[in-house]
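To start, the structure under review is shown below, and the notes come after it.
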Amino acid sequence: MEFLTHELAQEIVERTMKILNRNINVMNEEGIIIGSGDRGRINQIHDGALLVLKKAESVEIEESKASELKGSKPGINLPIRFNNQIVGVVGITGEPEQIRNYAELVKMAAELVLEQSFLLERVQLKQRLQSEIVNQLISDEQINEVWIKERAGFLGIDLQQPRTAIVLKHSGKQETTNQKLISAIQFELGKQDLTGVTFNNEIVILKAGSQSERKVFLNRLVKVIKEKTHIGSGSLAETIKEMKTSFQQAQRVLMLGQKLEPDAGFHLYEDYRLEVTLSKLAQTEQADNAFSFYDRLIEQDKKGELAHTLDIYIKEGGELNKIAESLFIHRNTLRYRLDKIMELTGKDPRNIKN
């Protein structure tokens, strides 16, 4: 496996040279210069590096010896170790007596950059793998449970745990914003939680645990997310196959919640069961004529007042006094809203047979 690439070697050179006013070279495990403050030396064989690789220890090159070694100048060359093996060499140009105090620091800096790069790559790999698993679980296509469980096992994820689908959507530039959002929520996620990004640029969290744990988690999310973000949550999925349903519920709740309660921190499926059901029925071919009125109401009701009034009307069983009290409005205002609902939809909530 190639640990030291040309890009990473040059990054080591540039970072180190900002600290030391000395030229730095980085050689790969074949002794070829792949990063240098002197770009003209790149791709040259460095005999000093070959000695380091052969002896597995640091090599100092004085002025008198430099001319005898191909591609070498006076300086100190040290092995770069990663995972207990030598993966390359870092060299500092200058008289050894003058730079000896800096040698170990340069070596340490090179190894630190290498380790950070490796860890970042592992994090990115984990994110990609999680995203693949999430998209498989919420896909309309048939789930390949063997494939999913195998990859989840690699991440230490137990897919038998119940989970809730949570969808985050931002209205800004999605790719940049999604990365910021994922970074912002990383420390709030549990070890068994899965995150991914859909083809529609929605961030999906499959939150492990109970519904009460999910609500605590959502309250924390609202606090850590600085960007204007809408959040929708589905119901608890007890099995792998139920994850798609929870995700679809979260999507619908997100869509309705943005219109009905745009200032709410998050929207829960259990608070929108009726709205989700009517919206879903309105989109089916069989119910197109019966429930399309609800979609018309949502489209025309910009502030969400009428849909909310209808929701409370149904919950209170049509008792006007209780409805007006719940909404903190006068009965005349309530009558006006009910008339407006009838005008927009052709349906009178006060007449069940209408």
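The values are calculated or read from the model by the stated rules, or taken from the named source; none is laboratory data. None of the values given here were measured: they were computed from a predicted structure. Positions of Cβ are generated from backbone atoms using ideal geometry, with glycine treated the same way; all protein chains shown enter the neighbour counts. Surface areas here come from the heavy atoms of the whole protein model, side chains and all, with no ligands, DNA or RNA. Shrake-Rupley method; radii C 1.70, N 1.55, O 1.52, S 1.80 Å.
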Q) in a helix (DSSP H, G or I) and closer than 18 Å to His170 by Cβ - does that describe any residue in the stretch 191-202? A) no
Q) What number goes with the only condition from (1) surrounded by 19 or more Cβ atoms within 10 Å (Cβ to Cβ); (2) within 17 Å of Arg41 (Cβ to Cβ) that Ile80 does not pass? A) (2)
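So, in the stretch 231-254, of the ones that are open to solvent by 20 Å² or more (accessible area, probe 1.4 Å) and assigned to a helix (DSSP H, G or I), which residue ends up nearest to Glu150 (Cα to Cα)?
In the first step, residues of the stretch 231-254 are kept if they are open to solvent by 20 Å² or more (accessible area, probe 1.4 Å); the result is 235-236, 238-239, 241-242, 244-245, 248-249, 251-252.
Subset that is assigned to a helix (DSSP H, G or I): 241-242, 244-245, 248-249, 251-252.
Numbers: Lys241: 16, Glu242: 19, Lys244: 19, Thr245: 23, Gln248: 25, Gln249: 27, Gln251: 28, Arg252: 31 Å.
Per the stated criteria, the residue is Lys241.
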Q. Across the stretch 212-230, what is the number of residues that are assigned to a helix (DSSP H, G or I), touching a residue at least 12 places away in the same chain (Cβ under 8 Å) and β-branched (Val, Ile, Thr)?
A. 2
Q: For the stretch 77-94, state whether one or more residues are of a type in the set (D, E, K, R) and modelled with pLDDT of 90 or more.
A: yes
(Q) Name the single residue that is modelled with the highest pLDDT among those in the stretch 63-76 being more than 15 Å from Tyr102 (Cβ to Cβ) and open to solvent by less than 20 Å² (accessible area, probe 1.4 Å). (A) Ser72
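Please find, among Glu14, Glu60, Glu30, Glu7, the residue that is part of a strand (DSSP E or B), of a type outside the set (Gly, Ala, Ser) and either closer than 15 Å to Val106 by Cβ or open to solvent by 80 Å² or more (accessible area, probe 1.4 Å) (or both).
Residue meeting the stated conditions: Glu60.
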